[in-house]
Every structure is written in C-alpha cells, then in structure tokens.
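No lab work stands behind these numbers, since they all come straight from the coordinates. The structure presented is a predicted model; accordingly, all values stated were derived computationally and were not measured. Methodologically, a virtual Cβ is constructed for each residue, glycine included, from the backbone with ideal geometry; neighbour enumeration extends over all protein chains shown.
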Amino acid sequence: MAIDTDTPHSEPARPATRTRWYRSLFVQLLVAIVGGIAIGWIWPDFGADLKPLADGFIKLIKMLIAPIIFCTVVLGIAHVGDLKSVGRIGVKALIYFEAVTTFALLFGLLIGNLFGPGSGFRIDPQTLANGAEAVEKKTNSGELPHTVDFLLNIIPTSIISAFAENALLQVLFFAVLFGLALAKFGEKGPPIVFELIDHFSQIFFTIIGWVMRLAPIGAFGAMAYIIGQYGISSLGSYGKLILCCYLAAVLFIGILGGIAWIFAGVNLWKFVRYIKDELFIALGTASTEVVLPRIMAKLTNAGCSRTTTGLVVPTGYSFNLDGATLYLSICVLFLAQALGVDLTLGEQITAVLILMLTSKGMAGVPGSSFLALSATVAAIGHGAIPVAAVALLLGADRIMDSMRVSVNLLGNCVATFVVANWEGQLDKERMRAVLNGDDVEPLDDDELVSEKVAARST
C-alpha cells in the first residue's frame with residue numbers, strides 16, 4: 001500500500017484545486033521571516049529570547065536526518081545492486097566537489113581584490129589584544145580535524161554511535177555498506193528486509209511532513225534572535241563586506257546556473273521556484289540540514305535517481321560547501337585589507353591551498369569558519385596579520401549565514417543533477433515536466449519494491 005507523502009521515492013500529485021494563499025508554506029515563511037526581523041528590531045531583548053523556537057524546530061528535523069539518509073541510500077543502492085555504479089557516482093561526485101569548491105575559492109579572491117571589502121577600516125593590530133579570547137569563546141576552544149583524522153572519522157566507532165551522534169558521513173558510510181550487502185544477497189536475500197526499510201522510509205517522511213508545518217515558527221524565532229542579538233547596526237558597520245559577499249553569492253549562483261544548464265540541461269531559475277519553500281526555510285533558520293530530507297525528495301521527484309541523490313547530497317554537506325568557501329576567501333582578503341596589509345599573489349595562492357583542506361572539515365564544527373580562517377592566517381605566516389584579527393568578523397559572521405546557506409544548498413542541488421546526468425541516471429523528460437509545473441505521475445514505491453521482490457524470486 002503506497003503512502004501519499006513527501007519521500008525521496010514519491011512526491012504527492014498536485015491537487016486539483018489551488019491551495020488558499022494563506023495556507024501556502026511560502027507565504028507563511030515570508031510573513032514569519034518579516035515578523036521575526038520586526039520583533040528583533042523593535043524589541044531586541046525579547047527577540048533574542050525567541051531562539052528556543054528555532055532550536056526546537058532544528059532539533060526536530062535533525063532527529064530524523066540520520067535514519068532518512070540510511071533508508072534512502074540503502075534502498076537506492078540495493079535497487080541498483082551494482083558496486084561499480086556506486087563507486088563511479090562517488091568518484092564523480094568528489095571530482096565535481098573539488099573542482100567547484102576550488103573555483104569558488106578563486107572566485108572569492110577575485111571579488112575580494114576587485115572590491116576591497118576591508119579597505120577603509122584602518123584597524124590597529126594593538127587593539128586586537130582580546131581577539132584571540134573572543135574567537136576561542138566563539139569556537140568553544142575547538143579545532144578543525146586534521147585531514148587524516150577527518151578521513152578516519154568517516155568510519156564510525158559503532159553503528160549505534162553514528163546514529164546517536166547524527167554523524168551524517170558515518171551514517172552514509174554504513175548505509176553504503178548495508179545497501180551493497182543487501183544487493184549482494186540477490187535471490188537469497190529475504191524480500192521482507194527491503195520492504196521493511198522502504199516502509200520505515202515512508203514513515204519517517206510522514207513525520208517530516210508533520211514537523212515541516214512548524215517551519216514558520218522556527219524561521220520566526222531564528223530571525224528574531226539574529227536581529228535581536230546582533231542588531232541592525234551591524235549592517236552599517238560591515239556594509240561593504242556584506243555587500244561584497246552577497247554580490248559574490250549572486251554572481252556565483254549565476255555561474256551555478258550555467259553549470260546546471262550546460263552539464264545537465266537544468267533551468268536553475270525554474271528549479272529555484274520549485275524549491276522556494278525549502279530555500280526560505282533554510283534562509284530563515286540559517287541551516288541547510290533542516291531541509292535535507294525534503295530536498296532529497298524533490299531532487300528524486302525531479303528525475304534524479306535515488307542512488308545518486310542519496311550519495312551526492314549527504315556527501316556534499318561536508319565536501320561541497322560552495323558558499324562557505326566563497327565567504328572564507330573573501331574574508332582572508334578583508335582581514336588583510338582592514339589591517340593595511342597587501343598580500344602577494346603567492347600568499348593568496350597559499351591561502352587557497354590551505355582553505356582547500358580546512359574547508360572540508362568544517363561541517364558540524366562550532367565556529368568552523370573562524371577556525372578555518374585562523375588556521376589559514378597562521379599558515380600564511382604574515383606577521384602583520386595576527387590570528388586574533390579573525391575576531392573582527394564576529395560582528396558580521398551571523399549575517400552572512402543566508403549567503404552561505406543559499407549557495408551551499410543550490411550548489412549541492414546542481415551537483416546532484418550534474419552527477420546524475422553524468423552517470424546516465426537523470427530522467428530529463430520528467431525533470432522538465434516537474435520544473436515546468438506540469439502534472440506528473442507520482443513515483444510509485446510499491447511498484448519498485450514489487451519489481452525487486454519479483455527479481456529475487458525468479
């Protein structure tokens with residue numbers, strides 16, 4: 001029996017009648033975000049106290065992410081049943097991630113050199129005596145994992161700990177092994193295992209559907225907190241840096257649009273309209289993780305295979321942070337310019353090489369952008385730029401979340417389309433119909449499960 005819910009395998013058919021405007025999630029989110037900004041501006045103390053609304057919503061989503069990734073990846077791999085195909089998707093995804101994030105770093109340096117976001121600050125290094133303490137407080141005295149540690153941490157200490165700690169890469173690693181093992185059983189494998197995981201997947205996505213009704217409340221609390229805690233005044237103090245970063249984000253999204261069109265035939269503007277609800281939720285809560293389940297569902301509904309979506313999207317959350325890398329490269333130049341330091345081409349290239357490594361370990365680390373910048377400034381070894389200078393960004397970093405979130409989210413979606421098309425697992429006819437807003441037949445999980453069971457029984 002099929003369950004009509006938003007899953008990576010099924011997208012509900014469009015209703016015959018149009019939903020009333022006030023029941024639209026997009027409208028509700030828009031009103032919530034504007035309301036949150038107003039509350040934080042007019043009553044900043046009250047707005048800052050609304051943070052639990054956002055935290056509660058994010059926790060509700062995060063409790064379901066690990067099992068959803070597990071079910072999606074296992075079903076996708078077991079359905080394909082081809083180890084070589086899984087390996088090709090993984091390799092192609094990593095090649096794409098490295099190419100695009102490196103380009104984002106170089107593009108950020110180009111924008112930073114052209115617009116000089118830090119020029120005019122004239123910061124005296126002597127005034128940064130307490131900067132190191134401020135950064136340490138922001139990052140909870142943490143540090144980014146070294147490359148070897150990062151790679152070893154992909155292997156979970158135990159299966160239970162991977163799910164308990166919500167370690168997405170560890171869950172993904174186990175899910176790939178489980179899916180391959182399930183596919184390896186072939187005819188000998190009990191069909192009930194495949195069906196059980198499929199039904200669990202549908203149950204989890206039903207719960208996600210309920211939780212998403214609270215998205216406007218979460219977005220309202222998040223925006224009220226951001227404005228109440230950091231204030232509108234910070235927009236003026238860091239106006240040039242903020243404008244530079246958001247301009248770079250808009251231009252980079254345009255580049256992503258070109259990549260999507262050339263390498264997958266996807267109209268990015270139509271795709272943005274298609275995921276507008278998820279994009280607003282991510283922007284309002286300053287988190288891409290909260291929309292991961294729905295984004296995977298919509299990508300699959302738009303023609304990407306379950307295997308590609310299940311492998312590329314979760315991996316991209318750690319390896320394809322386009323918005324974060326774009327921001328980091330601009331900030332390196334901002335710090336140098338604010339202190340009146342002219343970085344040489346060699347020093348800028350060194351910064352890019354260091355950020356290529358540090359940006360891969362940022363996911364899930366508190367204050368990761370400050371840790372990555374601190375490591376980069378220290379590696380450049382320019383005596384006129386103390387590591388404590390990173391504290392200059394404390395007043396503007398939170399305002400950059402919307403820029404980073406939007407680029408990160410769209411970057412991972414484009415990566416999924418490109419890799420799916422590269423692997424021959426993109427249904428372009430369905431993709432065009434979905435993005436054009438045409439009625440399409442929902443993907444029927446029961447038919448896929450029946451085919452799998454039949455294949456094992458013959």
How charged is the neighbourhood of residue 30? Take every other residue with its Cβ under 11 Å from the Cβ of residue 30, and add Lys/Arg as +1 and Asp/Glu as -1.
0
With x for Gly and Pro, the residue-by-residue ³J(HN,Hα) of the range 333-345, computed from phi through the Karplus equation 6.51 cos²θ - 1.76 cosθ + 1.60 at θ = phi - 60° and given in whole Hz, is 5, 4, 4, 4, 5, 5, 9, x, 9, 9, 6, 6, 4
Rounded to the nearest 0.05, what FRET efficiency is calculated for residue 211 and residue 165 with R0 set to 22 Å and r the Cβ-Cβ distance?
0.60
Segment residue 433-residue 119, length gained on full extension (0.36 nm per residue, minus Cα span)
108.2 nm
Residue 262-residue 31 pseudo-label distance in nm [points 7 Å out on the Cα-to-Cβ vector]
4.4 nm
Amide H contacts under 5 Å for residue 304, restricted to residues at least 5 apart in sequence or on another chain and with H modeled in the peptide plane, are 427
Label-point separation (nm) for residue 229 and residue 181, each offset 7 Å from Cα along Cα-to-Cβ?
4.1 nm
Along the range 274-283, what does the Karplus equation 6.51 cos²θ - 1.76 cosθ + 1.60 (θ = phi - 60°) give for ³J(HN,Hα), rounded to whole Hz, x for Gly and Pro?
5, 10, 4, 5, 5, 5, 5, 5, 4, 5
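Are any of the pairs 59/276; 62/298; 51/276; 51/240 more than 26 Å apart by Cα-Cα distance, and if so, which? Intermediate values should be presented prior to the final figure.
Numbers: 59/276 22 Å; 62/298 18 Å; 51/276 24 Å; 51/240 28 Å.
Pairs exceeding 26 Å: 51/240.
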Using θ = phi - 60° and Karplus 6.51 cos²θ - 1.76 cosθ + 1.60, couplings along the range 410-422 (whole Hz; Gly, Pro as x):
5, x, 6, 5, 4, 4, 5, 4, 5, 5, 4, 5, 4
Using per-residue counts of other Cβ atoms within 10 Å, averaged over each peptide, order 50-62, 397-409 from highest down.
397-409, 50-62
Taking amide H atoms as placed 1.01 Å from N in the peptide plane, list the residues 5 or more away in sequence, or in a different chain, whose amide H sits under 5 Å from that of residue 440.
14
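Length gain on complete extension for the stretch residue 356 to residue 342, per 0.36 nm per residue less the alpha carbon to alpha carbon distance? Let's see the in-between values first.
Numbers: separation 14, 0.36 × 14 = 5.04 nm, distance 2.17 nm.
This chain segment gains 2.9 nm when fully extended.
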